[in-house]
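The values are calculated or read from the model by the stated rules, or taken from the named source; none is laboratory data. What you are looking at is a predicted structure, and each value in this text was computed from that prediction instead of being measured. Here the Cβ positions follow ideal geometry from the backbone for every residue, glycine too, while neighbour counts run over all protein chains shown.
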Ligand SMILES: [Zn+2]
């Protein structure tokens, strides 16, 4: 009864007085040929204006008087028809905004969105419509993200990059995410072939107004190579948390790989006990040194972090301090190699953090990955990586404009923090960036 799709005119009893034909206002002559205009029947259309303004309460139909020229057949557009046409356009725009919000912020499935629209407006939209809209918004979001580096903006020194593995297509592909120190997501890309896709992404993320100097990643050795292939000459820094984790791993290895040097006649059981004991004692002996490592990386020790690590190596090599068993010697060697490899970059990382307040971790990036994760459940239904990529682009753009309501960035969006010039960008919010600006309907149209 109320969904407005049953055959017209069969049940006139349900229509309100709103649906009555307005008093005739006869135009004298046809604007095309000057011929005589006469009434030519009536037809019912959905009352889009009521549906837009009153939601599910408003679904009714309105009868429109058709007028035609007797000579040339030209139809005069009734004011009511023009009014409804505008309301219809605005209604679809508003539904498009609702679908986008549900899709890219709330992460609802297509079917749930269909239920939601039906509940709000008592009118169904098709699954196909929601899918096509998702796709179109995604494409626009991708090009909006691509525009970021060409907009005037605040200086950003850091390019943070990580590859995350939402559960997409049994990990056939992953998602590469690039942000700057302001937390602005600058690029998302589905990675199918790392050696090709990651350099392409790194190259495309920089631009005339985003020219970072530092590349901050985890310890994955290939990132450095990809950066060079991309033709970027950035100082490669490694995430503090991953550095600490790597050192902890070296210490754990040293404990695990202890060897026994005991009389042969011991039973297997006794050898096992001996080994357990040796491990436990070594762990205890190494504990103060590991504590020093944590201290080295804690706030306030930035200037001497690497020096403390060097000190730990000296302690490990000191027979007066610790017995020089094979696994301890290996630990000292590996820690020294670690310092040789990462010492300089670690000093730079910590120095920048102290002097310019730049990040020492990729935590900001990992929290963005957390935002993408729920969408991977939706994305895995898309067979093509390009379609996935556009969904994630829209999620990223929505996130960039999202004004945080709590946490250290409360009250600001990433776009604001990164100082993106919105005139250059060409939109002031997510919806206008993807071609769904707030619909405008003139008051005259409503009260007419
Ligand atoms: Zn005419």
*If you check 359, 385, 408, 439, which single one turns out to be at pLDDT below 90, in contact with a strand residue (DSSP E or B) (Cβ under 8 Å, 6 or more places away or on another chain) and over 19 Å from residue 138 (Cβ atoms)?*
359
*So residue 397 fits all but one of (1) in a loop (DSSP other than H, G, I, E, B); (2) under 15 Å from residue 148 (Cα atoms); what number is the exception?*
(1)
*Output the number of residues of region 44-84 satisfying the condition of being part of a loop (DSSP other than H, G, I, E, B) and over 13 Å from residue 122 (Cβ atoms).*
7
*Name the one entry in 300, 311 that is surrounded by fewer than 16 Cβ atoms within 10 Å (Cβ to Cβ) and over 34 Å from the mean Cα position of the chain (by Cα).*
311
*Go through 304, 247 for me and flag whichever is within 30 Å of residue 352 (Cα to Cα) and touching a helix residue (DSSP H, G or I) at 6+ places or on another chain (Cβ under 6 Å).*
247
_Whether any residue in region 188-210 is farther than 28 Å from residue 384 by Cα and in contact (Cβ under 8 Å) with a residue 60 or more places away in the chain is what I want to check._
yes
*Selection within region 17-43 - closer than 29 Å to residue 124 by Cβ and at pLDDT 80 or above*: 41, 42, 43
_One residue is enough: does region 119-139 have a residue meeting the conditions in contact with a helix residue (DSSP H, G or I) (Cβ under 6 Å, 6 or more places away or on another chain), within 30 Å of residue 213 (Cβ to Cβ), at pLDDT 90 or above and outside any loop (DSSP other than H, G, I, E, B)?_
no
*All positions within region 244-273 that are surrounded by 15 or more Cβ atoms within 10 Å (Cβ to Cβ) and more than 30 Å from residue 304 (Cα to Cα)*: 258
*What number goes with the only condition from (1) surrounded by 18 or more Cβ atoms within 10 Å (Cβ to Cβ); (2) within 16 Å of the ligand (Cβ to nearest atom) that residue 123 does not pass?*
(2)
*Output the qualifying pairs, or none if there are none: Cβ atoms under 6 angstrom, residues six or more apart or on different chains, first residue in region 61-79 and in contact (Cβ under 8 Å) with a residue 24 or more places away in the chain and within 13 Å of residue 45 (Cβ to Cβ), second residue in a helix (DSSP H, G or I) and within 11 Å of the ligand (Cβ to nearest atom).*
none
_Residues within region 102-135 that are in contact (Cβ under 8 Å) with a residue 40 or more places away in the chain and under 14 Å from residue 435 (Cα atoms), tallied_ = 2
*asked:* All but one of (1) crowded, with 19+ Cβ neighbours inside 10 Å; (2) over 26 Å from the mean Cα position of the chain (by Cα); (3) more than 30 Å from residue 356 (Cα to Cα) hold for residue 293; state the number of the condition that does not hold.
replied: (3)
